[in-house]
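Undergrad: The following block contains the structure, expressed as structure tokens.
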Amino acid sequence: MTRGVLDGAFALLEALDGRELRPSELAKYCGLPKTTTHRMLDQLVALGAVERAGEHYRIGHTLFRLGATWTPAGRLSAAARAAARGLAATRSDCTVGLVAFSDSRTIVVNTLHGERFPGGFPSPGTIVPAGMEPDLVRAAFAPDTDPPDGYTTTEWRRLVWAVRARDGVVTTGQYFGDLGLSVAGAPVRDRSGTAIGAIGIVVHGHTPVHKLEPLVLRAARLTSGTLARSVSR
């Protein structure tokens with residue numbers, strides 16, 4: 001690649017940091033012709049650096065994994081490997097997700113799917129939408145902020161304070177006739193006790209959330225312990 005092409009590619013990647021944008025938005029943001037933007041996006045998708053999500057583009061799994069190998073998210077992923085696999089092995093109808101907290105964002109680090117449940121958690125590298133269960137765990141340990149879209153200040157504070165009162169543990173259940181989703185998550189802490197991420201499980205069907213809570217608490221404690229030991233070496 002020539003310097004001009006590399007500059008354009010890095011401009012696109014920088015624009016996509018933590019965001020999902022349409023090609024027209026990227027072209028305007030980066031000051032590139034639309035045809036050039038489309039061509040570069042196609043090349044970045046082929047390399048795994050960028051991925052398409054409907055009409056939008058976002059940072060791809062390959063680039064996220066490369067970056068995570070030397071970031072705190074990479075250490076968190078390594079520390080959670082055994083605990084996440086153990087949690088996923090408890091049920092065949094689940095998805096296990098690991099997230100890292102970064103400033104005011106919650107980023108998906110890794111996901112594991114059960115044999116009978118191939119979805120239910122955003123893909124690695126995705127910014128978790130504000131208000132979803134993993135982001136509620138982050139919000140419980142952060143200063144009070146304005147509510148995300150769809151919540152009044154009172155509603156949001158009530159949710160956050162409820163999770164805060166349970167030391168960061170979140171459980172929810174949504175049921176529609178024979179269908180349903182049960183979710184449970186718990187914070188992962190570093191050696192100082194600071195919550196730096198969370199591990200959670202999403203189960204398909206009518207599973208009482210109180211049965212999932214001890215499973216995620218155990219996985220979170222195992223991950224926190226492994227992380228503390230790895231840092232102290």
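Each reported figure results from applying straightforward, stated rules to the coordinates on display, with no laboratory input. Model, not experiment: these values are computed from the prediction. Note: ideal-geometry Cβ built from the backbone for every residue, glycine included; neighbour counts use all protein chains shown.
Undergrad: Please determine, in degrees from 0 to 90 and to the nearest 10, the orientation of helix 153-165 with respect to the longest principal axis defined by the Cα atoms of the chain, where the helix direction is its Cα long axis.
TA: The answer is roughly 60 degrees.
Undergrad: How much length, in nm to one decimal, is gained on full extension between residue 89 and residue 14, taken as 0.36 nm per residue of separation minus their Cα-Cα distance?
TA: 23.3 nm
Undergrad: For segment 3-59, treating each Cα as an identical point scatterer without solvent, what Debye log10 I(q)/I(0) comes out at q = 0.12, 0.24 1/Å?
TA: -0.20, -0.90
Undergrad: Let me ask something else. In nm, what is the difference between 0.36 nm times the number of residues separating residue 145 and residue 102 and their Cα-Cα distance?
TA: Stretched fully, the residue 145-residue 102 segment lengthens by 14.0 nm.
Undergrad: Separate question: Roughly how tilted is helix 34-47, in degrees to the nearest 10 and between 0 and 90, from the longest Cα axis of the chain?
TA: It is inclined by approximately 50 degrees.
Undergrad: Let me check I have the definition right: for segment 143-233, take the eigenvalues of the Cα gyration tensor, multiply each by 5, take square roots. What are those semi-axes in whole Å, largest first? The partial results should precede the final answer.
TA: Working: eigenvalues 137, 83, 16 Å².
Gyration-tensor ellipsoid for segment 143-233: 26, 20, 9 Å.
Undergrad: Describe numerically, in nm with one decimal, the distance between label points set 7 Å from Cα along Cα→Cβ at residue 230 and at residue 206.
TA: 4.0 nm
Undergrad: How much of the calculated P(r) for the chain lies past 32 Å, in percent of all Cα pairs?
TA: Numbers: 7015 of 27028 pairs.
Tail of the P(r) past 32 Å holds 26 percent of the pairs.
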